[in-house]
Amino acid sequence: MLTQAPPHDVAAGLAVEIRRKVIEMSGSPNGVHIGGSMSIADLLAVLYGEVLRDPAGDGPSGDRDYLVLSKGQASAGLYAALASTGVIPEAECATYAEEGGRLGGHPMKRLPGVHFSTGALGHGLSLGLGIALAGQRYGYDNRAYVILGDGELQEGSNWEAAMAAAHLGTDNLFAIVDRNLWQISGRTEDTMSLEPLTDKWASFGWRVLTVDGHDHGQIRRALGTPAEPGRPTVVIARTVKGRGVPGLQDTKQSHSATLKPEAQRLALEALESELA
């Protein structure tokens, strides 16, 4: 049994559950994008544990927030969050990537809590912009959150959406960049440099916040901050790809991997040791 986080820290306990479930799903013969799922575990924990209103999406549109996982390859992290918060059955995590199941390698709209099918990189920010714009025009008091991969930002469609979001004044749109410095082909800065990333977003008219993507306090403050009128917000979260997984942390190999039982055991032990 894994050590439990202090009861007052909802996100800490949820982050443990998300990581544990991702490690368990990583035994799938189809492989799991364990690196990108583990790098956003703390972001998901704060979002689902403390920030999102009606994450299951059961209530009226105006009474719920929306989360778009643009980096859809990190679906295991999303499924772990949905299962850990009761949106989907925990037992369903064992069906990850099985033929005919609901938990595909990329999230599909047929699953509760998933509003859009994603995974074709570069599209999620435009979806989030549409949600935010509709919310403003209907007078809703809600937010659209979009989790983007950093390598994904090499797709030009992101910058079209960024330019439009600032022009349209969608201050209810929050983008979150998983800045783990890796993509499938290697280091982001070796593939196509993104820096100076903060300046890029600011030049498009966005308010830019930078956080340690594994520090719940910093994440909480950034996502809980009041919107700046007329300006969308981007949170650049510095993270570690495959965080906590022995042999895979901060490596290209963690992008997609299948963990054998011994590797899963070591990963769970490492998680337990980190909590001790």
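The values are calculated or read from the model by the stated rules, or taken from the named source; none is laboratory data. What you are looking at is a predicted structure, and each value in this text was computed from that prediction instead of being measured. Cβ atoms come from the backbone with ideal geometry, glycine included; neighbour counts cover every protein chain shown. All accessible areas refer to the heavy atoms of the entire protein, side chains included, with ligands and DNA or RNA removed. Shrake-Rupley method; radii C 1.70, N 1.55, O 1.52, S 1.80 Å.
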When only DSSP loop residues count, what GluC sites (Glu not before Pro) in segment 80-119 have their Cβ near at most 14 other Cβ atoms within 10 Å?
-> 98, 99
Could you please put 38, 192, 108 in sequence from largest to smallest accessible area, using a 1.4 Å probe?
-> 192, 108, 38
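Which of the three applies to segment 27-158, rounded, prolate or oblate, going by the alpha-carbon gyration tensor with a ≥ b ≥ c and a/c under 1.5 meaning rounded? Don't skip to the end; give the middle numbers.
Numbers: a/c = 1.85, a/b = 1.30, b/c = 1.42.
It comes out oblate by the Cα gyration axes.
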Relative contact order for the chain: what is it in percent, counting Cα pairs under 8 Å that are at least 6 residues apart?
-> 23 percent
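In what order, largest first, do 238, 221 sit by accessible area if the probe radius is 1.4 Å?
Details: 238 120, 221 160 Å².
Correct descending sequence by accessible area is 221, 238.
Full extension from residue 273 to residue 225: what is 0.36 nm times the residue separation minus their Cα-Cα distance, to one decimal in nm? Before the final figure, lay out each step's value.
On the way: separation 48, 0.36 × 48 = 17.28 nm, distance 3.29 nm.
That pair, residue 273 and residue 225, stretches by 14.0 nm at full extension.
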Step through the residues of segment 185-197 one at a time and calculate ³J(HN,Hα) from phi using the Karplus curve (6.51 cos²θ - 1.76 cosθ + 1.60, θ = phi - 60°), rounding each to whole Hz and writing x for Gly and Pro.
-> 8, x, 5, 4, 6, 7, 7, 7, 4, 9, 7, x, 5
Tell me, what is the per residue accessible area of the chain in Å², probe radius 1.4 Å?
-> 42 Å²
How high is the relative contact order of segment 106-234, given as a whole-number percent (alpha carbon pairs under 8 Å, six or more residues apart)?
-> 24 percent
What residue among 256, 105, 138 has its Cα farthest toward the positive end of the dipole of the chain, where the charges are +1 on Lys, Arg and -1 on Asp, Glu, each on the Cβ?
-> 138
Burial-style ranking of 224-230, 72-78, average other-beta-carbon count within 10 Å with highest first, yields 72-78, 224-230
Most fluctuating of 109, 241, 21 in the GNM of the chain (C-alpha, under 10 Å) is 109
What area, in nm² and to one decimal, does the C-alpha convex hull of segment 140-276 cast on average over all directions?
-> 9.8 nm²
Expressed as a whole percentage, what fraction of the accessible surface of the chain belongs to carbon and sulfur atoms when a 1.4 Å probe is rolled over the protein heavy atoms?
-> 54 percent
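Kirkwood hydrodynamic radius for segment 90-134: how many Å is it when counted over pairs of different Cα atoms?
Numbers: mean 1/r = 0.0842 Å⁻¹.
Final number for the Kirkwood radius of segment 90-134 is 11.9 Å.
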Global geometry of the chain, whether rounded, prolate or oblate, following the gyration tensor of its Cα atoms and the 1.5 cut on a/c = prolate
Sorted by average packing, counted as other Cβ atoms within 10 angstrom per residue and highest first, what order do 253-263, 117-127 take?
-> 117-127, 253-263
